[in-house]
Structure formats: structure tokens, C-alpha cells
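Okay, so here's the structure we're looking at.
The values are calculated or read from the model by the stated rules, or taken from the named source; none is laboratory data. Note that the structure is a prediction, hence the values are computed from the model and not measured. FYI the Cβ positions are ideal-geometry reconstructions off the backbone, even for glycines, and counts take in every protein chain you see.
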Amino acid sequence: MEVVAICSSPRVGGNTATLVEAMLDGAREAGTETVRFDAAKLKIGDCDADRQCLDSAEARCVLDDDMQEVYTRLQGAEAWIFATPIYFWNVNAAMKRVIDRLFAFYTTEGGWRLGLEGKRRGAVVVVQADADKDVPERIAEYLASVMRDLNVEVVGSMAEGSLGEPGDAATRPELLARAKEIGRVLASGAQASR
């Protein structure tokens, strides 16, 4: 089994990455292999809406960039983590590029071509500096809806505010423990508690 995380924070040691790593630690403790992509550091072009991916025999965009490896790992994984900081009340640009490029998993028949439909689990992490949790919860639901549209069962979600300075998440043991629990759940196939 493998858990693949896409973390879009460009901040080294940032709060989003800290929570993602705690989730991956939980998955590894449960005996699962993990892979983390830092989307802000990858060369992923914008979707150019040419729709050539719909004509492709594989579920891939024709653009030759780092998204090709992301496709391969997502298709082979049993669990996914999507994680983003809030930028101007939304996912950041790195996460939006990844989401847009996931259109390649779509088919002209209106379904999704992933190979393991209905067998994936997912979790989302959304972090912002402001204390208000309304925006992170809304964006977490958006990321969860993207996963559900791709036949991924969302088993855990973290929508956190008041995490502005690098290292803030590392000082919150309750957040780290929750993230680890979600990672273990991803590896076990259960449902995370709220």
C-alpha cells in the first residue's frame, strides 16, 4: 500500500508541511509506504484546455512536465493527501495547477479512468494564519469534493486557523496527534474520528 501526499506550500518547514509529515508518519507507523510531492517546487504547467488528454489512451496530459510522475504515483496509490495553505481565501496556485491537470483522469464517456475506482481513500489539510476557521473549512470541503469527484473516499480532514508563523503547528501537539491518527486511518482503511 502507498499513500501519496501533494503538499502545495512553498514554505520550507511550514505548517502545512508539518501536518502533512505528521500524517505520513502515522501512515508509515501503520506499515505503509509514503511519497510526498511538494507541488510548489515542481515544474507543472497550467492546463491549456486543449482536451488532448481525452483522446489519450492513458490518463495523462500531453504536457511533458513533472505532473507525469504525479499521475503515475496517484494512479498506483491506495490513499491520497491534498494539502494547501490559504492564499487570498483559496487554494494556492500550485495546488490549483495540480487540480486543473487532474482533468486528464476524465473520459469522454463522463467517468474517471484511474484503474482502482472506489478503492482509494483520501485526506485533506488546509492551513491559514487567521484564527477564523470558516475559510479553511470551506476550502477543505472543496478539496474533499475534488477527491470525491475522482472516486476517492475522504476519511479525514484538517481545516486549521491560527497557524501563521513557521513552526506554529509543531507547537500544537493536539494537531500533530490528529494528523498522525488520520495517517493511520489512511493506512488501515477506517474512518477518522472528528
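Scanning region 73-83 turns up no residue that is of a type in the set (A, V, I, L, M) and farther than 27 Å from Arg121 by Cβ.
With respect to Tyr71, is the statement that it is within 19 Å of Ala17 (Cβ to Cβ) and without any contact (Cβ under 8 Å) to a residue 40 or more places away in the chain true? No; evaluated as a whole, the condition is false for this residue.
Ser145 meets all of the listed conditions (1) under 30 Å from Tyr106 (Cα atoms); (2) surrounded by 13 or more Cβ atoms within 10 Å (Cβ to Cβ) but one, namely (2).
Output the qualifying pairs, or none if there are none: Cβ atoms under 6 angstrom, residues six or more apart or on different chains, first residue in region 81-101 and within 27 Å of Glu2 (Cβ to Cβ), second residue crowded, with 22+ Cβ neighbours inside 10 Å and modelled with pLDDT under 95. Close Cβ pairs satisfying both conditions: Arg101/Cys61.
Residues are listed down the side, and each one gets a yes or a no for (1) farther than 22 Å from Asn90 by Cα; (2) under 13 Å from the mean Cα position of the chain (by Cα); (3) among the hydroxyl-bearing types (Ser, Thr, Tyr):
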residue: Ile139; (1), (2), (3): no, yes, no
residue: Leu143; (1), (2), (3): no, yes, no
residue: Val152; (1), (2), (3): no, yes, no
residue: Ser157; (1), (2), (3): no, yes, yes
residue: Leu163; (1), (2), (3): no, no, no
residue: Ala169; (1), (2), (3): no, no, no
residue: Glu174; (1), (2), (3): yes, no, no
residue: Gly183; (1), (2), (3): yes, yes, no
residue: Ser188; (1), (2), (3): yes, no, yes
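Scanning region 1-42 for residues that are without any contact (Cβ under 8 Å) to a residue 40 or more places away in the chain and within 11 Å of the chain's Cα centre (by Cα) yields Arg36, Phe37, Asp38. When region 1-36 is filtered for residues that are within 21 Å of Pro173 (Cβ to Cβ), among the acidic types (Asp, Glu) and touching a helix residue (DSSP H, G or I) at 6+ places or on another chain (Cβ under 7 Å), the ones remaining, listed by number, are Asp25, Glu29.
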